[in-house]
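Comments concern the structure below.
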Amino acid sequence: TACSSKYVLSQMHPMWQGPLVVPGGDRQSPIDIVVRKSIFDSKLKPLVTKYDPHTCQQIWNNGYSFLVEYDDTTDKSTLQGGPMEDKFRLCQFHFHWGETNAWGSEHTVDKKLFPAELHLVHWNSDKYSLFEEAVMEDNGLAVIGVFLKVGKRHEGLQKLVDALPAIRHKNSVVAFNRFDPGCLLPTNTDDYWTYHGSLTTPPLTESVTWMIMKQHIEVSHEQLAVFRSLLFTSAEEDMQKSMVNNFRVQQPLRGRAVRSSFN
Ligand SMILES: Clc1ccc(Cc2nnn[n-]2)cc1
Ligand SMILES: [Zn+2]
């Protein structure tokens with residue numbers, strides 16, 4: 001679907017941290033969430049996700065992460081509620097992780113790093129008709145962020161992990177059907193922090209309403225090790241580079257408020 005093919009990430013250095021200056025650039029992501037500075041907002045509603053596992057289409061290595069893409073031509077897999085007024089359509093989910101369990105997440109909570117972070121990317125289908133349009137608008141995208149911790153094996157994730165060896169190299173793709181991304185959400189999705197930010201890779205557009213879950217999910221060390229067996233490089237390149245540390249450095253808050261849905 002358009003939500004990621006159009007935005008195949010640029011050829012920048014895999015450890016993309018970019019000196020790239022973004023026009024405006026006063027609402028960039030990721031950030032450190034300073035818990036004691038977040039503001040409880042009782043008007044924040046619970047998230048409502050309605051994901052149809054049959055809209056799952058493929059999983060592919062885009063040279064920066066691996067993306068599980070959904071058919072976003074209809075309102076079959078949607079997100080609403082939270083701080084949002086509109087309905088958003090799921091287009092893909094992907095992860096960011098480190099070379100060790102000591103780091104890997106993009107966001108942090110009081111500077112605490114997690115070994116990985118899941119991002120479920122949605123676009124505003126009430127206001128726009130294509131992902132490409134929504135990605136340019138300040139209320140265009142909604143991304144759910146979920147922290148991963150190393151612990152017990154995540155049974156739902158295993159189906160995804162088993163598909164990864166087939167997409168080891170950049171630009172490899174394999175059919176992937178009937179996967180319910182809801183199984184990757186924590187049991188409690190009522191407690192989250194929300195702020196206005198951006199995509200964390202090119203095009204870096206400041207179009208994202210972020211919802212970062214307070215509760216993490218657990219995956220096993222072995223499952224994370226399979227993430228790290230992916231490669232940034234394509235089969236043709238002679239220098240194979242492990243796909244690790246695919247996170248962006250934290251960005252200045254620039255006076256933005258981070259609200260919490262919980263006290
Ligand atoms: Cl379409 C697209 C482009 C970049 C990213 C990377 C990212 N941005 N924010 N979190 N991850 C995800 C989807
Ligand atoms: Zn991401």
query = Where a ≥ b ≥ c are the square roots of the eigenvalues of the C-alpha gyration tensor, would you call the stretch 131-214 rounded, which needs a/c under 1.5, or, failing that, prolate if a/b is larger than b/c, or oblate?
reply = oblate
request  = Could you tell me what percent of the accessible area of the chain is made up of carbon and sulfur, with a 1.4 Å probe and every protein chain present?
outcome  = 54 percent
query = What distance in nm separates the simple spin-label points at M136 and C183, each placed 7 Å from Cα in the Cβ direction?
reply = 3.9 nm
Trypsin sites (Lys or Arg not before Pro) within the stretch 109-141, DSSP loop, no more than 14 other Cβ atoms inside 10 Å = K111
query = Looking at the square roots a ≥ b ≥ c of the eigenvalues of the Cα gyration tensor of the stretch 78-167, which shape do they give, rounded for a/c under 1.5, prolate if a/b is larger than b/c, or oblate?
reply = prolate
ask   = Going out from 0 in 10 Å bins, what whole percent of all Cα-Cα distances in the stretch 112-154 drops into each bin?
value = 26, 35, 21, 17, 1
inquiry  = Can you compute 3J(HN,Hα) from phi for each residue in the stretch 28-38, using the Karplus curve 6.51 cos²θ - 1.76 cosθ + 1.60 with θ = phi - 60°, rounded to whole Hz and x for Gly and Pro?
reply    = 8, 10, x, 9, 8, 8, 8, 3, 6, 9, 6
query = Which FRET efficiency, nearest 0.05, do D126 and E99 yield, Cβ-Cβ r, R0 35 Å?
reply = 0.30
message = Sort 115-126, 147-158, 73-84, 202-213 by the packing proxy (mean of other Cβ within 10 Å over each peptide's residues), most packed first.
response = 115-126, 202-213, 73-84, 147-158
task = State in Å² the accessible area per residue of the chain; use a 1.4 Å probe, count heavy atoms of protein chains only, and round to the nearest integer.
result = 43 Å²
query = Taking the highest mean first, how do the peptides 131-144, 162-175, 97-110 order by number of other beta carbon atoms within 10 angstrom per residue?
reply = 131-144, 97-110, 162-175
note = Computed over the stretch 157-263, the distribution of all Cα-Cα distances in 5 Å bins, rounded to whole %, is 2, 9, 13, 16, 18, 19, 13, 7, 2, 0, 0
Qualifying trypsin sites (Lys or Arg not before Pro) in the stretch 218-263, DSSP loop, other Cβ atoms within 10 Å at most 12 = R254
query = When the distances between all Cα atoms of the chain are binned every 10 Å from zero, what whole-number percent does each bin get?
reply = 7, 32, 40, 19, 2, 0
task = Please go through the residue pairs K111/K214; K76/K127; K50/K112 and name each one whose alpha carbons sit more than 19 Å apart in this structure.
result = K50/K112
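The values are calculated or read from the model by the stated rules, or taken from the named source; none is laboratory data. Only a predicted model underlies this, so the values are computations on that prediction, with no experimental measurement involved. Cβ: placed from backbone, ideal geometry, glycine included. Neighbour counts: every protein chain shown. Please note that ligands, DNA and RNA were not included when accessible areas were found on the heavy atoms of the full protein model with its side chains. Shrake-Rupley method; radii C 1.70, N 1.55, O 1.52, S 1.80 Å.
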